[in-house]
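Student: The structure under discussion is supplied below as structure tokens; questions concerning it will follow.
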Amino acid sequence: MSPWYTRNMPFFFLTFFFPPLALLLLVWRWDKFTTDRGIKLFFTVGMTVFIVFGLLPRGSLPIVLPIIFSLIALKLLLNGIKRKTG
């Protein structure tokens with residue numbers, strides 16, 4: 001059974017109100033999202049870009065983007081380690 005946040009309406013509201021959190025949740029729990037991954041990823045990235053470029057103060061972009069990318073890179077690294085160890 002899939003978690004509650006993978007269903008369409010909870011994920012939509014999560015993405016609408018907290019886009020960076022939804023993006024990290026989607027990347028971190030990629031295997032839990034069994035249906036509509038591509039659409040959810042597209043919508044989440046679009047809302048995150050809107051928040052980062054449109055609503056945050058001008059000086060916060062160099063701080064926010066490396067944090068998001070480093071968390072995604074950490075997840076990919078952990079997946080690689082997990083795959084190697086079996």
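Quick note: the coordinates plus some simple rules give every number you see, no bench work behind them. This is a predicted model, so every value here is computed, not measured. Note: ideal-geometry Cβ built from the backbone for every residue, glycine included; neighbour counts use all protein chains shown.
Student: How many angstrom lie between the C-alpha centres of the range 62-84 and the range 1-24?
Tutor: 20
Student: Within 14 Å, Cβ to Cβ, of Leu78, how many net charges do the neighbouring residues add up to if Lys/Arg are +1 and Asp/Glu are -1?
Tutor: Values: positive: Arg29, Lys75, Lys82, Arg83, Lys84; negative: Asp31.
Result for the neighbourhood of Leu78: +4.
Student: Restricting to Cα pairs below 8 Å that are 6+ residues apart, what does the relative contact order work out to for the chain? Please round to a whole percent. Numbers along the way, then the final one.
Tutor: Working: 42 pairs, mean separation 24.9, N = 86.
For the chain, the relative contact order is 29 percent.
Student: Something else: Pick out which of Arg37, Arg29, Arg58 has the largest mean-square fluctuation in a Gaussian network model of the chain, springs linking Cα atoms closer than 10 Å.
Tutor: Arg58
Student: When the Kirkwood radius is taken over all Cα pairs of the chain, what Stokes-Einstein diffusion coefficient follows at 10 °C and 1.306 mPa s, in µm²/s? Display every interim value, and only then the final one.
Tutor: Numbers: Rh = 13.8 Å.
In µm²/s, the coefficient rounds to 115.
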